[in-house]
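Student: Got a structure for you, questions after.
The values are calculated or read from the model by the stated rules, or taken from the named source; none is laboratory data. Just so we're clear, the structure is a prediction, and the values are computed from it rather than from any experiment. Note that each Cβ is placed from the backbone with ideal geometry, even for glycine, and that neighbours are counted across all protein chains shown.
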Amino acid sequence: GAVVSQHPSWVICKSGTSVKIECRSLDFQATTMFWYRQFPKQSLMLMATSNEGSKATYEQGVEKDKFLINHASLTLSTLTVTSAHPEDSSFYICSARDLGEKLFFGSGTQLSVL
Amino acid sequence: DAKTTQPTSMDCAEGRAANLPCNHSTISGNEYVYWYRQIHSQGPQYIIHGLKNNETNEMASLIITEDRKSSTLILPHATLRDTAVYYCIVRVGQKTSYDKVIFGPGTSLSVIP
């Protein structure tokens with residue numbers, strides 16, 4: 001089946017630094033990718049929808065200047081958490097939609113901001 | 001808001017069938033029912049999806065009521081590895097400008113030895 005690779009799996013950073021998370025569709029072209037965050041014992045919360053070659057659409061309450069999304073190619077989308085703070089610590093998950101009906105998810109990135 | 005409601009948690013004995021219900025009373029005619037599961041600290045895993053007919057694959061069966069307002073995911077012989085949070089989602093299922101995948105709280109399934 002289709003594979004979505006997310007990197008890194010976990011990252012620890014100092015407060016005030018920026019962190020980039022990559023999401024790649026390995027064997028299919030993904031015109032649309034979604035980014036989620038998940039806090040412990042909670043469900044996934046949609047942050048933004050990323051379409052290749054255009055600006056991402058952010059959900060209400062998600063700061064677009066804080067969470068920069070770039071979807072420059074059909075196989076790669078990146079999420080950059082800028083000036084990270086401890087409250088940004090979370091599990092971030094990407095997903096990619098193929099040309100059919102299915103949606104595939106990455107393995108997630110655990111971000112810890114000290 | 002999520003368009004589905006599911007029980008918060010369920011237990012199932014190992015080797016028995018696990019039946020996970022989902023209500024989606026406001027589902028539109030062009031929306032599919034998808035099921036995913038998430039094992040702790042991993043990304044969600046696709047299980048199965050359907051529009052109006054019952055579906056079966058190597059992982060599970062999906063039973064959709066005739067009015068499409070509810071569905072049941074069936075794991076025929078639950079194993080300890082099936083312990084996870086199961087999410088029922090409705091979405092259009094094809095490339096559209098309004099395809100959003102919103103997760104509800106899901107059902108936490110515990111398979112008991």
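Student: If the requirement is being at pLDDT 90 or above, of a type in the set (D, E, K, R), closer than 30 Å to A:TYR92 by Cβ and surrounded by 15 or more Cβ atoms within 10 Å (Cβ to Cβ), which of these qualifies: B:ARG37, B:ARG81?
Tutor: Criteria check complete, one pass: B:ARG37.
Student: Across the stretch A:1-24, which residue is farthest from A:LEU68 (Cα to Cα) among those that are in a loop (DSSP other than H, G, I, E, B) and β-branched (Val, Ile, Thr)?
Tutor: The selected residue is A:VAL3.
Student: Residue check: is A:ALA48 in a loop (DSSP other than H, G, I, E, B), crowded, with 19+ Cβ neighbours inside 10 Å and within 11 Å of chain B (Cβ to nearest Cβ)?
Tutor: No: the conditions fail for A:ALA48.
Student: Take B:GLY106 and tell me if it is at the interface with another protein chain (Cβ under 9 Å from one of its Cβ atoms), over 23 Å from B:SER25 (Cα atoms) and surrounded by 14 or more Cβ atoms within 10 Å (Cβ to Cβ).
Tutor: Criteria not met by B:GLY106.
Student: Can you find even one residue in the stretch A:65-78 that is touching a strand residue (DSSP E or B) at 6+ places or on another chain (Cβ under 8 Å), assigned to a strand (DSSP E or B) and within 14 Å of another protein chain (Cβ to nearest Cβ)?
Tutor: So far as the stretch A:65-78 goes, no, none of its residues is touching a strand residue (DSSP E or B) at 6+ places or on another chain (Cβ under 8 Å), assigned to a strand (DSSP E or B) and within 14 Å of another protein chain (Cβ to nearest Cβ).
Student: Among A:GLN42, A:GLN38, A:GLN29, A:GLN110, which is the only one that is out of contact with any Asp or Glu (no Cβ under 8 Å at 6 or more places or on another chain), surrounded by fewer than 17 Cβ atoms within 10 Å (Cβ to Cβ) and in contact (Cβ under 8 Å) with a residue 40 or more places away in the chain?
Tutor: Among A:GLN42, A:GLN38, A:GLN29, A:GLN110, only A:GLN110 is out of contact with any Asp or Glu (no Cβ under 8 Å at 6 or more places or on another chain), surrounded by fewer than 17 Cβ atoms within 10 Å (Cβ to Cβ) and in contact (Cβ under 8 Å) with a residue 40 or more places away in the chain.
Student: Among the residues in the stretch A:101-108, are any acidic (Asp, Glu) and facing chain B (nearest Cβ under 8 Å)?
Tutor: yes
Student: Now for a separate question. Is there any pair linking a residue in the stretch B:51-71 that is under 21 Å from B:LYS3 (Cβ atoms) to one that is part of a loop (DSSP other than H, G, I, E, B) and among the acidic types (Asp, Glu), with Cβ under 9 Å and at least six apart or on different chains, and which?
Tutor: Pairs that qualify, where the first residue is under 21 Å from B:LYS3 (Cβ atoms) and the partner is part of a loop (DSSP other than H, G, I, E, B) and among the acidic types (Asp, Glu), are B:LEU51/B:GLU31; B:LYS52/B:GLU66; B:ARG68/B:GLU31.
Student: Please work out which residue is surrounded by the most Cβ atoms within 10 Å (Cβ to Cβ), limiting yourself to the stretch A:75-107 and to residues that are more than 15 Å from the chain's Cα centre (by Cα) and without any contact (Cβ under 8 Å) to a residue 60 or more places away in the chain.
Tutor: Among those residues, the one meeting the criterion is A:GLU101.
Student: Here's a follow-up. So A:ASP27 ticks every box in (1) within 20 Å of B:ILE47 (Cα to Cα); (2) of a type in the set (D, E, K, R); (3) assigned to a strand (DSSP E or B) but one. Which box is left unticked?
Tutor: Checking A:ASP27 against (1) within 20 Å of B:ILE47 (Cα to Cα); (2) of a type in the set (D, E, K, R); (3) assigned to a strand (DSSP E or B), the one that fails is (3).
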